[in-house]
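> Just passing along the structure, written as structure tokens.
The values are calculated or read from the model by the stated rules, or taken from the named source; none is laboratory data. For clarity, every value in this text was computed on a predicted model and none was experimentally measured. Glycine gets a Cβ as well: all are built from the backbone with ideal geometry, and neighbour counts include every protein chain shown. Each accessible area value is taken on the protein alone, full model and side chains, heavy atoms only, with ligands, DNA and RNA left out. Shrake-Rupley method; radii C 1.70, N 1.55, O 1.52, S 1.80 Å.
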Amino acid sequence: MLEKNNKLYIVLFTILMVSISGCAGLVEGKKSRKASSVVDFLYPNKSDVVEKPTIPQLTLPMNVGIAFVPSTSGRYAKNDLDTKQKMVLMELIAEDFKKYEFIKNIELIPTEYLRQAGSFDNLDQIKTMYGIDVMVLLSYDQVQYTDEGLVSLTYWTIVGAYIFEGEKNDTSTMVDAAVYDISSRKMLFRAPGVSQVKGSATFVNQSEELRADSHKGFELAADDLVENLQAELERFKKKIKEKPEEVKVVYSKGYSGGGHLGGAFTFLFFLLTGIAGWYGRRSEFE
Amino acid sequence: MVVVPNLNDSRFPGITLIVVLGCLVFYLIPETTIWAVYDREQLLHGDIWRLFTGHFVHFSWRHLFFNLSVFAVLGFLLELRNRWIFLWLIALTTLSCSLYFLLFIPEMSKYRGLSGLVSAAVVYLALNEIRATVRLRFIWVLILILFLVKVGYEIFSGEAVFASGSDSDFIIVPAAHIIGAVMAAFIFIWKKWDGGTKY
């Protein structure tokens, strides 16, 4: 009898411990992260002396390269963006910049061509391979949180795990673009793009929903990046005009030319012609 | 002397209207731009029409607006006075600008913009008004000086004065303005020697 009671107590104790650990799962959320860093790629050895960049010379129209820097977790990190996703995002970003007359060509460069901690030597090799002058280095940081709500209590029914969306997902994404002139090692300008995606999932399809949220997060962040990048490009163009000593611009064969009067001349012309017309008419009728 | 001609005149500024509509069509329908733009490579392959149509294509709405608004007014004023001279001005200016680019600026692969033609019209109108007008001559002299300052600055600095704006993704070509002015002066002098009346 005593032995039977002992066995019963052991079984009840085990059930209690499992339940408590399940409750702990209700309280503590899960987090996953995928990230890459331009600084780690370009300046991997913190103890090395950083080379001072020279004055960049931009030859218009330019050949531009765009690439994601390798992930900080290593090339084959479990949760890293795959090559196809990266190419899709790069095409999304490149599409809006092909219209500019000063950009001759945009090359989408696979991350596999960039070595971990490749630095500027790696960029020089890419420059030779692709014939590009300017490089857009993309990096990202995406964090996904998963918390279980009260609805997750229905998972005990087993069926509930398939039907009720007890998992709350929160995906924060940042994509950063840093534009470098390869020859001079100088960063010309940079821009970020951010997004936040909130979603929910059942216990069973949680990983599928997290992948979908991750893709959506990157797409939204890329859209935001394109807008910010265009704004930074306009600021950079103004800066070149205001401070031509900081960036030298030269024109190679194949540039586009145009005839432009400008707003001020147009205004002055209308003003003076209007005066001439007004006084001319008055003198005719006087 | 009155700048604005007598509106009872039966002439309709059809050529000006065609140019304005052409510019608008090329801007609003981007597919036509590919066919019409001055493209050196395509010209050398035989697309002769680009010598003329290239001037009616523009890079942006701002580029289009400033060129076209001035041209519309000048075209109206000039065409109502003498349609044939206006037509010669357009033909000679567009042709000579494009041939100049082809022969002397081989590194420029594409060109867009009506300002060469507008420059010709500005100079031609100013020269005629300076000759005919006594009281308001100084205004036309001032317009001519402004134009010369603009072109001079473009040549010596390599930048555009008055034509600011961060949407200028192209290089401004002062040669277009100079050739326009030269064509205007040529037609003006030819008309004077020909013994013709003003315009």
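> Please compute the volume of the convex hull spanned by the alpha-carbon atoms of segment B:9-129 and report it per residue in Å³.
103
> Largest first, what is the accessible-area ranking of B:Trp35, B:Trp49, A:Trp278 with a 1.4 Å probe?
A:Trp278, B:Trp35, B:Trp49
> Over both sides of the A-B contact, add up the buried accessible area with a 1.4 Å probe and give it to the nearest 100 Å².
Roughly 3700 Å².
> Sticking with this one: Just tell me which lysines come within less than 19 Å, Cα to Cα, of A:Lys241; anything on the same chain fewer than 8 places away is out.
Straight-line reach from A:Lys241, under 19 Å: A:Lys186, B:Lys150.
> Continuing with this model, one more query. Using a 10 Å cut-off around each Cβ of peptide B:132-141, what is the average number of partner chain Cβ atoms that fall inside?
Rounded to a whole number, the mean comes out at 3.
> Right, here's the next one. Could you give the nm distance between label points at B:Ser60 and A:Lys239, where each point is 7 Å from its Cα heading toward the beta carbon?
Result: 1.8 nm between the two label points.
> Net charge within 13 Å of A:Thr171 by Cβ-Cβ distance, Lys/Arg positive one each and Asp/Glu negative one each, not counting A:Thr171 itself?
Charge balance near A:Thr171 sits at +1.
> Follow-up question, since we're still on this one. If we count every other residue with Cβ under 14 angstrom of A:Leu92's Cβ, Lys/Arg +1 and Asp/Glu -1, where does the sum land?
Neighbourhood net charge equals -3.
> Further question on the same structure: Which entries in A:Lys216/A:Lys239; A:Lys52/A:Lys84; A:Lys127/A:Lys216; A:Lys99/A:Lys127; A:Lys99/A:Lys243 show an alpha-carbon gap greater than 27 Å?
A:Lys216/A:Lys239; A:Lys52/A:Lys84; A:Lys127/A:Lys216
> Tell me the net charge near B:His45. Cut-off is 15 Å between Cβ atoms, B:His45 excluded, with +1 for each Lys or Arg and -1 for each Asp or Glu.
0
> What does the accessible area of A:Thr83 come to, in Å² to the nearest 10, when a probe of 1.4 Å is used?
Estimated to the nearest 10 Å², A:Thr83 gives 60 Å².
> I've got another one for you. Principal axis lengths of segment A:176-222 from Cα atoms, whole Å, largest first?
52, 15, 11
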